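Let me begin by presenting the structure, written as structure tokens, before commenting on it.
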Amino acid sequence: MNTSENQSVASAENSMAISDQFKKLKELFLLKDTGKTFAKSLQLLFFVLKESTILVWLTLCWCVVGISLIGNSVTQTAKRLSCWWSSLSSQKKSKKEVLATTIRHAMSSLISKARKQVGLQVD
């Protein structure tokens, strides 16, 4: 056999392999269960994507709310500290009085937060 005959034989075998494969695939697509299986798969895929998107959205919302709460808390604390420092500076108290006032305010804040945590009303 020469080269041109080898190529024509290989080409004929390839076209037979392609047509056989096409027939097999056509038979698979024409089965009753194939369409139902694809439909169920796509339905499940979209359901999973939808639920995942909702989860990501809710996580993002909680992060924004958390950052907002932290920002508000830091701002309020800074304002309180500034007012407190101003009141201490204007009164010219001794170091012991400043320390006592600081401890009193810190304990009051701690007790207030603890009461809120356990569900008791804050005075």
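The values are calculated or read from the model by the stated rules, or taken from the named source; none is laboratory data. Everything numeric in this text was worked out from a predicted model, so none of it was measured. Positions of Cβ are backbone-derived with ideal geometry, glycine not excepted, and every protein chain shown enters the neighbour counts.
Among the residues of segment 32-55, none qualifies, meaning not one is out of contact with any strand residue (DSSP E or B) (no Cβ under 9 Å at 6 or more places or on another chain), surrounded by fewer than 10 Cβ atoms within 10 Å (Cβ to Cβ) and among the hydrophobic types (A, V, I, L, M, F, W, C).
To keep it simple, each residue is scored yes or no on (1) closer than 30 Å to Lys113 by Cα; (2) outside the structural domain of Ser109 (by TED's automatic domain parsing); (3) at pLDDT 85 or above; (4) over 29 Å from the mean Cα position of the chain (by Cα).
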{"residue": "Ala10", "(1), (2), (3), (4)": "no, yes, no, yes"}
{"residue": "Phe22", "(1), (2), (3), (4)": "no, yes, yes, yes"}
{"residue": "Leu28", "(1), (2), (3), (4)": "no, yes, no, yes"}
{"residue": "Leu31", "(1), (2), (3), (4)": "no, yes, no, yes"}
{"residue": "Thr53", "(1), (2), (3), (4)": "no, yes, yes, no"}
{"residue": "Trp57", "(1), (2), (3), (4)": "no, yes, yes, no"}
{"residue": "Val74", "(1), (2), (3), (4)": "yes, yes, yes, no"}
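Matching residues to (1) closer than 30 Å to Thr102 by Cα; (2) of a type in the set (A, V, I, L, M); (3) in a helix (DSSP H, G or I):
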residue: Lys24; (1), (2), (3): no, no, yes
residue: Ser41; (1), (2), (3): no, no, yes
residue: Leu44; (1), (2), (3): no, yes, yes
residue: Cys61; (1), (2), (3): no, no, yes
residue: Gly71; (1), (2), (3): yes, no, yes
residue: Thr75; (1), (2), (3): yes, no, yes
residue: Lys79; (1), (2), (3): yes, no, yes
